[in-house]
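Everything below concerns the one structure shown next.
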Amino acid sequence: MKTDSQLQQDVCAELKWEPSINATQIGVQVKDGIVTLAGDVDSYSEKVDAELAAQRVGGVKGLATAINVKLHGKNHRRDADIAQAAEHVLSWSNYVQPDVIKVAVEKGRVTLSGKVRWDFERRGAIAVIRHLKGVVSVIDQITIKDKVSSKLVKDDIEAALKRRARQEGSDINVEVAGTNVTLTGTVHSWSERDLVNYAAKNSPGVWTVIDNLTVVS
């Protein structure tokens, strides 16, 4: 197990390694495995990239963010311009159907709402918006239309495993609570674990996957 000091060094190194981040602007503190990031960055996408970089580091138990997005000069845009740009990128995106996602902007904060069938549509919409100039945050109010079926999720997982000539999903249990799916049981490799998670996330109606799978050799 890494010490807090080791985790701090590793997170700092990961931030420096990520080219989309100016690591000199971000401070890192660690206590009991919980990482806190603080500082000012030039864009919302940089803030998200910093969070993702910290989460990639092994041993991190949780993440708290105190990063502020401070826009300077040409990075400032009127809310109307941000809203227009958001409408355009969503209409050009392959992730969502036209006119499904609604956009509202206030002081650079973009709120996305609407109903989609697949979670990849929700994630895709957020991904394209967060890179727009002038955005300081993205508020996700998108909902998913379909109800989650534990049998359907299980069937999707087993089909994905079979397509790749791997074991069936008989050792994997699926529990559903609203749009959330919890996976328990055993898999035989990290790649198999990733495949099971991917299949669950892309089942109709699933919003969040809680991975409690155990890898056994």
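So if R0 is 25 Å, what FRET efficiency would Ala127 and Val215 give, r being the distance between their Cβ atoms, rounded to the nearest 0.05?
Details: r = 28 Å, r/R0 = 1.14.
Given R0 = 25 Å and the Cβ-Cβ separation, E is 0.30.
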* Structure fact -> Given pairs Lys133/Lys154; Lys61/Lys201; Lys2/Lys115; Lys115/Lys154 and cut-off 31 Å on Cα-Cα distance, the over-length ones are Lys133/Lys154; Lys2/Lys115
* To do: Measure off, as a whole percent, the carbon and sulfur share of the 1.4 Å-probe accessible area of the range 46-143, all protein chains present.
  => 49
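Where both partners of a DSSP beta bridge lie in the range 1-138, what percent of those bridges are antiparallel, to the nearest 5? Kindly include the intermediate steps, with their values, before the conclusion.
Details: 11 of 21 bridges.
The antiparallel fraction comes to roughly 50 percent.
I'd like to know how the range 51-119 sits against the 2.2 N^0.38 Å rule of thumb: what's its Cα Rg over that expected value? The partial results should precede the final answer.
Working: Rg = 16.0 Å, N = 69, 2.2 N^0.38 = 11.0 Å.
Relative to the rule-of-thumb radius for its length, the range 51-119 sits at 1.45.
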* **Long-range amide H partners of Leu63 with built H, under 5 Å** => Val35
* Structure fact -> Cα extents of the chain along the principal axes, largest first, in whole Å, come to 57, 48, 27
* Asked: Relative contact order of the range 82-121: what whole-number percent is it, with Cα pairs under 8 angstrom and at least 6 residues apart?
  -> 35
* Asked: Which of Asp81, Asp32, Asp49 moves most in a GNM of the chain, Cα contacts under 10 Å?
  -> Asp32
* Per residue solvent-accessible surface (Å²) - the range 1-150, probe of 1.4 Å -> 57
* To do: Taking 7 Å along the Cα-to-C-beta vector as the label spot, tell me the His188-Thr65 distance in nanometres, rounded to one decimal.
  => 3.9
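Could you give me D for the range 1-87, from Stokes-Einstein at 10 °C and 1.306 mPa s, where the hydrodynamic radius is the Kirkwood radius over C-alpha pairs? Units µm² s⁻¹, please. Show your work: numbers first, answer last.
Values: Rh = 13.8 Å.
Rounded to a whole number, D works out at 115 µm²/s.
The values are calculated or read from the model by the stated rules, or taken from the named source; none is laboratory data. Keep in mind the model is a prediction, meaning the values are calculated, not measured. When we count neighbours, we look across all protein chains shown, and the Cβ atoms used for this are built from the backbone with ideal geometry, even at glycine. These accessible areas exclude ligands, DNA and RNA; they are computed on the full protein's heavy atoms, side chains included. Shrake-Rupley method; radii C 1.70, N 1.55, O 1.52, S 1.80 Å.
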